[in-house]
Amino acid sequence: MVRCVSRIIEAEEGETYDIELAEDLLKANRDLARENWALLKKHGIQAIDVMGSVGTGKTSLIEQIVQKLRGKYRIAAIAGDLTTTIDADLIASHGAAVIQINTGKECHLDANLVRKALQKIDLRKVDLIFIENVGNLICPAEFPLGSDKRIVVISLTEGPHLVIKHPFIFMEADIVVINKMDVADALGVNVDKLVSDVHRVNSNARVVKVSCKMGTGILDVINALDLK
Ligand code: MG
Ligand code: ZN
């Protein structure tokens, strides 16, 4: 017999401490995101926000894309991380100009931090900017940064219920990358189910199956981004 949890505790409306704060903050963030977007457009720059949990392959995906596109576009990256520069260093090793944002205890990037990073980039010399968000499937969804497209990277190692447990971030996604396809058979993951879960929350999302390790599916991501 399957036992289900019978009592679920949820915050009542107005009960959560930071509600009013959050409303103002989210509005301020949206306004700044629009300014970032306008600034990027003025310089003819496309920006792509890459979200997803820690260890799913956000950095690896950006590295792979940079390797494929570096002769065609002048590429910069903004790497958000709590304290380290590991990801920024990796991306920079492929020739992209990288600005690191250390968020300290903040678990997401916001439009203000991205604005500050953009001030450190010579925007006249850039065509394409990748923004690697902090590894987290929850709050980045609520903080648009001013990018043209948002990618969510998920990994087959994250379990079968990942999408339905975090619907909001998938609603925000233009592209969902399913990474680590090379271990699909070994893990026995039902990839079709993951794809249909994504489409149930966001029927417009493009889902691309990738193995950053094997380098497969990268051109499909580039294609989904309307890049060449
Ligand atoms: Mg990373
Ligand atoms: Zn956060």
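The values are calculated or read from the model by the stated rules, or taken from the named source; none is laboratory data. Because the structure is a prediction, the values reported are computed rather than measured. No Cβ is skipped: glycine too gets one built from the backbone with ideal geometry, and neighbour counts run over all protein chains shown. Surface accessibility is based on the protein's heavy atoms, side chains included, excluding ligands, DNA and RNA. Shrake-Rupley method; radii C 1.70, N 1.55, O 1.52, S 1.80 Å.
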Would you check which residues across the stretch 73-89 are without any contact (Cβ under 8 Å) to a residue 40 or more places away in the chain and surrounded by fewer than 18 Cβ atoms within 10 Å (Cβ to Cβ) and list them? 83, 84, 85, 86, 89
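Tell me, which strands (runs of 3 or more DSSP E) lie completely within the stretch 136-228 with 1 or more residues that are touching a residue at least 24 places away in the same chain (Cβ under 8 Å) and open to solvent by 10 Å² or more (accessible area, probe 1.4 Å)?
Hits in the stretch 136-228: 149-155, 206-209.
Each row is one residue, and each column tells you yes or no for (1) open to solvent by 70 Å² or more (accessible area, probe 1.4 Å); (2) closer than 25 Å to residue 163 by Cα; (3) not small (Gly, Ala, Ser).
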position	(1), (2), (3)
33	no, no, no
38	no, no, no
44	no, no, no
66	no, no, yes
71	yes, no, no
Before we move on, is residue 111 more than 24 Å from residue 158 (Cα to Cα) and either open to solvent by 60 Å² or more (accessible area, probe 1.4 Å) or at pLDDT 90 or above (or both)? yes
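Would you say residue 92 is under 26 Å from residue 226 (Cβ atoms) and open to solvent by 40 Å² or more (accessible area, probe 1.4 Å)?
Yes: the conditions hold for residue 92.
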Could you identify the single residue in 142, 158 that is within 13 Å of ligand 2 (Cβ to nearest atom) and more than 19 Å from residue 206 (Cα to Cα)? 142
The conditions are (1) of a type outside the set (Ser, Thr, Tyr); (2) within 16 Å of ligand 2 (Cβ to nearest atom); (3) within 12 Å of the chain's Cα centre (by Cα), and residue 111 fails exactly one of them. Which is it? (3)
Can you confirm whether residue 192 is more than 29 Å from residue 22 (Cα to Cα) and acidic (Asp, Glu)? yes
Could you look through the stretch 163-190, keep only residues that are within 22 Å of residue 59 (Cα to Cα) and of a type in the set (Val, Ile, Thr), and pick out the one that is farthest from the chain's Cα centre (by Cα)? 183
Looking at this structure, is residue 74 modelled with pLDDT of 95 or more and farther than 16 Å from residue 91 by Cβ? no
Options 87, 31, 81; residue that is more than 24 Å from residue 217 (Cβ to Cβ) and modelled with pLDDT under 95: 81
